[in-house]
Amino acid sequence: MANKPRSKPSHTDTGGGAFVGGNVDTQGGDFVGRDKIGAGERSVLIRGPASGNLISTGDQAVIDVRQEANLDGFVRLLAELRQGLPQAGLDRDTAAEAERDVTVAEEQAQKPKPNGAIILAKLESVTKLLTTAVTASEAAQKLVPVAHKAVQWAGALFH
């Protein structure tokens, strides 16, 4: 039997992840090459850096981690929410409540010491109002990710 000639080892740059040149038998478990992303009931768990990613939770919620939360961007998100509300197809009472909540969040964000609990509560309220009204119009569905992002950024900015 002739010996097989050995091939030269090659270099594989994985950017920090694992490289497996053959088969892996996990016996039913997970194999994680670098970052583990898991999803549960209305939640997403990410172990490892997530910056630079756009993550969809599957229920029309989108988590955008492509940029750092900053006050100017947050104020723009609130303005986007406000501009989209009239086209969202919400009934009069729901639209008025959502408008009030956005106004309170905007006012708090402009204060020298914003109250993060108030901002988060108001934005979570807007998100719930839009989520329960998503059958009302496509415009409301498009605002839900904006509201989710505003909640996420508020948590980062005003914790």
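The values are calculated or read from the model by the stated rules, or taken from the named source; none is laboratory data. Keep in mind that what you see is a predicted model, and the values were worked out from it rather than measured. Neighbour counts are summed over all protein chains in view; Cβ atoms, including those assigned to glycine, are modelled from backbone coordinates with ideal geometry.
For this structure, a couple of remarks:
- Single condition VAL102 does not satisfy, out of (1) touching a Ser or Thr at 6+ places or on another chain (Cβ under 7 Å); (2) buried (at least 18 other Cβ atoms within 10 Å of the Cβ): (1)
- Within segment 131-150, at least one residue is at pLDDT 85 or above and touching a Phe, Trp or Tyr at 6+ places or on another chain (Cβ under 8 Å).
- Qualifying positions in segment 81-130 - under 16 Å from HIS148 (Cβ atoms), without any contact (Cβ under 8 Å) to a residue 24 or more places away in the chain and of a type outside the set (A, V, I, L, M, F, W, C): LYS122, LYS128
- Qualifying positions in segment 69-78 - touching a residue at least 24 places away in the same chain (Cβ under 8 Å) and not aromatic (Phe, Trp, Tyr): ALA69, ASN70, LEU71, GLY73, VAL75, LEU77, LEU78
- ILE46 being of a type in the set (Val, Ile, Thr), exposed (fewer than 15 other Cβ atoms within 10 Å of the Cβ) and modelled with pLDDT under 90: no
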